[in-house]
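One structure is given here, and the rest of the page talks about it.
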Amino acid sequence: MDFQDPQILSHIKLIGYPSMFLLMIIEGPIVTILAAFGAKIGFFNMYIVFLLSIFGDVLGDVIFYSIGYYGGEKMLLKAENILKIKSSTVEKLKNLFSKHGKKTIVAVKSTTGLCWITFILAGTAKMKFEDFLSSSFLGGIIWSGFLVFVGYFFGYAFQKISLYIKYAGIIIFAIFVIFYAVLVIYKKHQSNKMLKQKEF
């Protein structure tokens, strides 16, 4: 398959953009990095990837907010069980959220395991939707911007390395796996740090 063929590229873009948007709602970080990588090597437009990442991220947040808003405390309890979140963790989030609602929404973007329950909590607490949306959007811009930059960097590295090394794809993939493992550890650290603090 010739990926330089205009018809093939057009077909990839036609299917790629809607598909990546749906996947970004579910698992934004990996999809955004891969899409930005694809943009750097010529498959997609970097700016469209960035915008889709932001809106996919925000739409996912709104879905969980709506679950909490319309489901109330019963849905929050169900979410605790489904997501395997300790009651003590939820209580800490409630305390933090009651003092710094908007800041909590932004800050939780850089954590692991706290996003979904926090957004449900925001809905349960009947946080003003305008405040929630603006905070989610701000956090989305920051987080998506970082992920797009990472994907762009890997795409750039792949282009440069492939000029000299035959198995550049394997090398870049290995580096990406290591990077993502470090990112997960960092986000987990941020989760623990956030739960320990009382003030931002």
Take the residues in region 113-135 that are surrounded by fewer than 20 Cβ atoms within 10 Å (Cβ to Cβ) and small (Gly, Ala, Ser), then tell me which one is nearest to residue 181 (Cα to Cα). 113
For region 88-106, does any single residue satisfy the condition of being modelled with pLDDT of 90 or more and acidic (Asp, Glu)? no
Filter region 82-112 down to residues that are surrounded by 15 or more Cβ atoms within 10 Å (Cβ to Cβ) and of a type in the set (Gly, Ala, Ser) and give me whichever is nearest to residue 144 (Cα to Cα). 110
So residue 148 passes all but one of these: (1) closer than 15 Å to residue 31 by Cβ; (2) aliphatic (A, V, I, L, M); (3) loosely packed, with under 14 Cβ neighbours inside 10 Å. Which condition number does it fail? (3)
Across region 31-54, the tally of residues that are surrounded by fewer than 16 Cβ atoms within 10 Å (Cβ to Cβ) and more than 22 Å from residue 162 (Cβ to Cβ) stands at 2
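The values are calculated or read from the model by the stated rules, or taken from the named source; none is laboratory data. Not measured: the values here are computed from a predicted model. For neighbour counting, all protein chains shown are included, and Cβ atoms are generated from backbone atoms with ideal geometry for every residue, glycine included.
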